[in-house]
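All of the numbers you see were taken from the coordinates with simple rules; none came from a lab. Keep in mind that what you see is a predicted model, and the values were worked out from it rather than measured. Cβ coordinates were reconstructed from backbone atoms using ideal geometry, including for glycine residues, and neighbour counts include every protein chain displayed.
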Amino acid sequence: MKTAGISITLILGLVLGYFLLAPVPINPQAWQAPANPGYSGQFAVNDKLAGLDQIDIGEWTGPEDVVLDNQGRIYVSVHEGRILRLNADGTNREVFAETGGRPLGLAFDQQGNLIVADAFLGLLSFSPSGVQTLLTNKLGESPILYANNLDIASDGTIYFTDASMKFGAKQWGGSYPASLLDLMEHGGHGRVLSYSPADNKTKLIYQGLNFANGLALASDEQSVLVNETGNYRVVRVGIAADNRGALSEVIGELPAFPDNLNRGLDGKYWVGLVSPRNPLLDKISGRPFLRKIVQRLPQFMRPKATYYGHVIAINEAGEVLQDLQDPSGGYATTTGVLETPDYLYVGSLLSENLGRMQKH
């Protein structure tokens with residue numbers, strides 16, 4: 001019995017030592033999570049997103065972003081490294097391109113090329129016939145480790161986010177696991193960059209964001225709106241000569257993690273809210289040591305995305321114009337929205353289908 005007691009004590013000591021001392025890839029920074037309104041007030045629970053039509057994307061998963069070409073065809077970036085193309089009615093699905101990485105944000109330039117923010121590879125361009133060109137994958141000697149989302153100005157300049165300069169999507173086994181590490185560390189590793197096709201130059205606009213995610217140009221093209229996922233907010237970053245890098249908050253204290261950000265119609269900006277906030281993570285935001293312990297837990301015990309569909313539309317002043325939810329999680333981990341006169345196309349981090357809602 002004495003030997004058994006010693007063995008148990010040793011095992012308990014080793015387990016305790018692991019949770020207190022085992023190395024982890026993150027160096028958590030203390031911060032104060034903003035107030036969480038939860039699903040109340042302007043975010044009161046509703047089911048307006050429930051019952052979405054779902055477009056079959058075949059064997060692929062995670063329709064992250066969606067755009068339409070000038071013929072009305074649908075292009076979707078998926079988890080498996082492909083960009084799918086479908087007819088406007090969702091038929092005739094085909095693989096338009098295979099990046100070999102993880103394509104996320106999509107946008108067409110003025111020449112009809114599909115510009116792709118690929119989390120593994122950087123900023124890519126695909127000609128209408130599908131020929132792939134690497135536009136940029138570094139800023140000087142600093143590699144772009146997690147190209148995430150983009151928008152294109154009228155002069156052709158491409159503005160895009162590099163979600164994390166520390167936790168690269170390829171290095172850490174995918175865009176999702178890398179995002180979890182960056183959010184847990186909260187080290188301000190995200191940045192906004194620009195790329196000019198005219199001179200092939202990549203420039204820094206702003207750095208210090210906690211997971212720089214969705215991005216959309218302001219109507220006057222003097223700034224960009226950016227989803228700062230780790231701080232549950234949308235910020236404005238100046239891009240003009242007289243306000244370059246100036247940061248201000250558009251809307252804060254969101255009840256969930258904002259993902260993609262897309263310009264809609266009539267001055268709207270659509271924000272995808274991929275998962276409700278985690279009360280435990282908010283509670284220990286100011287306690288880096290506890291966040292290290294959480295990181296040492298087996299993966300199945302760590303906080304993870306909650307299945308809840310949610311997208312909102314805001315204006316440039318940060319006022320919420322529309323709030324669409326699906327508490328059942330029937331179409332969940334909602335990444336963003338493409339708005340057309342007839343439909344809202346809704347992307348997802350994990351779904352096996354593309355969501356679509358008729359507006360009228």
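When only C-alpha pairs under 8 Å and at least 6 residues apart count, what is the relative contact order of the chain, in percent?
17
Just how large is the dipole of the chain about the Cα centre, in debye to the nearest 20, putting +1 at every Lys and Arg Cβ and -1 at every Asp and Glu Cβ?
Details: 28 positive and 36 negative charges, 336 e Å.
For the chain, the charge dipole is close to 1620 debye.
With point charges of +1 on the Cβ of Lys and Arg and -1 on the Cβ of Asp and Glu, referenced to the Cα centre of the range 2-358, which listed residue (Pro23, Asn200, Asn149) lies farthest in the positive direction of the dipole?
Pro23
Could you work out how far the C-alpha centroid of the range 314-347 sits from that of the range 34-85, in angstrom?
Using only Cα atoms, the two centres lie 8 Å from each other.
What's log10 of I(q)/I(0) for the range 247-360 at q = 0.10, 0.15, 0.21, 0.23 Å⁻¹, Debye sum over Cα points only, no solvent?
Debye output, listed in q order: -0.35, -0.72, -1.13, -1.25.
Within 10 Å, at most 12 other Cβ atoms, and a DSSP state outside H, G, I, E, B define an exposed site. Report the longest part of the chain free of exposed GluC sites (Glu not before Pro).
Answer from the scan: 142-318.
Just check the range 74-200 against the gyration tensor rule for me: Cα atoms, a ≥ b ≥ c as the square roots of the eigenvalues, rounded for a/c under 1.5, and otherwise prolate or oblate depending on whether a/b exceeds b/c. Numbers along the way, then the final one.
Details: a/c = 2.13, a/b = 1.31, b/c = 1.62.
Oblate, since a/c reaches 1.5 and b/c is not below a/b.
Contour minus end-to-end for Ser129 and Ala246, with contour as 0.36 nm per residue of separation and end-to-end as the Cα-Cα distance?
38.2 nm
Compute the distance in nm between two label points, each set 7 Å from the Cα along the Cα-to-Cβ direction, one at Leu280 and one at Leu321.
Using points 7 Å along Cα→Cβ, the separation is 3.9 nm.
Could you pull out every one of the lysines with an alpha carbon less than 28 Å from that of Lys283, ignoring same-chain neighbours closer than 8 positions?
Here the lysines satisfying the reach criterion relative to Lys283 are Lys166, Lys292, Lys304.
Using the Cα centre as the reference, give the magnitude of the dipole from point charges on the C-beta atoms of the range 13-137 (Lys, Arg: +1; Asp, Glu: -1; all else neutral), rounded to the nearest 20 debye. Don't skip to the answer; put the middle values down first.
Numbers: 6 positive and 13 negative charges, 61 e Å.
Approximately 300 debye in magnitude.
With the cut-off at 1.5 for a/c, could you classify the range 319-360 from its C-alpha gyration tensor as rounded, prolate or oblate?
oblate
If you put +1 on each Lys and Arg Cβ and -1 on each Asp and Glu Cβ, how big is the dipole of the range 75-184 around its Cα centre, in Debye rounded to 20?
I would put it at about 260 debye.
List every residue whose amide H lies under 5 Å from the amide H of Leu139, counting only residues 5 or more places away in sequence or on a different chain, with H placed 1.01 Å from N in the peptide plane.
Those lying under 5 Å, H to H, from Leu139 are Ile144.
Got the relative contact order for the range 197-237 handy, in percent, Cα pairs under 8 Å and 6 or more residues apart?
Computed over the range 197-237, the figure is 30 percent.
Cross-link partners among lysines for Lys359, C-alpha distance below 17 Å, same-chain residues fewer than 8 apart left out?
Within the straight-line cut-off, Lys359 pairs with Lys48, Lys268.
Which entry is the computed volume of the Cα convex hull per residue in Å³ for this structure: (1) 155; (2) 119; (3) 137?
(1)
Identify, among Gly309, Leu290, Met165, the residue whose Cα sits farthest towards the positive end of the charge dipole of the range 2-358, taking +1 on the Cβ of Lys and Arg and -1 on the Cβ of Asp and Glu, with the dipole about the Cα centre.
Going by the Cα projections, it comes out as Leu290.
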